[in-house]
Amino acid sequence: MRTIISYYHKKKAYWRERNFHDVDSSSVGDLAFLLLIFFIVTGSFILRQGLFLSLPSENSSSVRVEEKLIFEVSPLEDSFEHEGNFLTREELASQILKRKEETPGLILIVIMKKNISYNRFIDTLSVAKEIGIKKISIKNEVSS
């Protein structure tokens, strides 16, 4: 394609003929598609992991729950305490699983004592997640 271009230099007009070539844009779509595939394959997908907690709102009222649905556990430094018994992680998991099979809709209440580390709390939550407990409540131990 030929185009005549005019330009001015020091108040004189110059005319010059220039050749412009058409650009073939048919491969741009292919390139965009290949880049899209590349980023989908190499990118990491964000998977929802962990436990998602729903916190109570300010105006929520207390709810009555049957006592048989409640499973209380207190993490200690090297074990877990449930109804006065000291359990290992595996024993706790089997106790919760047994109770969950007996009573669907089991609610796990984690009672946190004052000097227990955060890691033990997370360990308790991971046991609950492995077993499939959906309802978890956190309770601070009241010191007297």
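Could you work out the pair-distance distribution P(r) of the stretch 67-140 from its alpha-carbon pairs, with 10 angstrom bin width and percents rounded to whole numbers?
Over the stretch 67-140, the share of Cα pairs per 10 Å bin runs 20, 61, 18, 1 percent.
Can you give the % of DSSP beta bridges in the stretch 67-140 that are antiparallel, to the nearest 5?
On the way: 5 of 15 bridges.
Roughly 35 percent of the beta bridges in the stretch 67-140 run antiparallel, per DSSP.
Run through the stretch 60-97 and list the trypsin sites (Lys or Arg not before Pro) located in a DSSP loop whose Cβ has at most 11 other Cβ atoms within 10 Å. If you can, show how the numbers build up before the last one.
Values: sites: Arg64, Lys68, Arg89; in loops: Arg64.
For trypsin sites (Lys or Arg not before Pro) across the stretch 60-97 that sit outside H, G, I, E and B with at most 11 neighbouring Cβ atoms in 10 Å, the list reads Arg64.
I need the calculated FRET efficiency for the pair Glu77 and Ile109, taking r as the beta carbon distance and R₀ as 22 Å, to the nearest 0.05.
On the way: r = 20 Å, r/R0 = 0.89.
For Glu77 and Ile109, the calculated efficiency is 0.65.
Within the stretch 56-116, which GluC sites (Glu not before Pro) sit in a loop by DSSP and count at most 16 neighbouring Cβ atoms inside 10 Å? Present the calculation step by step, with values, prior to reporting the outcome.
Numbers: sites: Glu58, Glu66, Glu67, Glu72, Glu77, Glu81, Glu83, Glu90, Glu91, Glu101, Glu102; in loops: Glu58, Glu66, Glu77, Glu83.
Those satisfying the criteria are Glu58, Glu66, Glu77, Glu83.
Only the coordinates and a few stated rules stand behind these numbers; no lab work does. All of these numbers come straight from a predicted model, not from anything done at the bench. With ideal geometry, Cβ positions are generated from the backbone for all residues, glycine too; neighbour counts draw on all protein chains shown.
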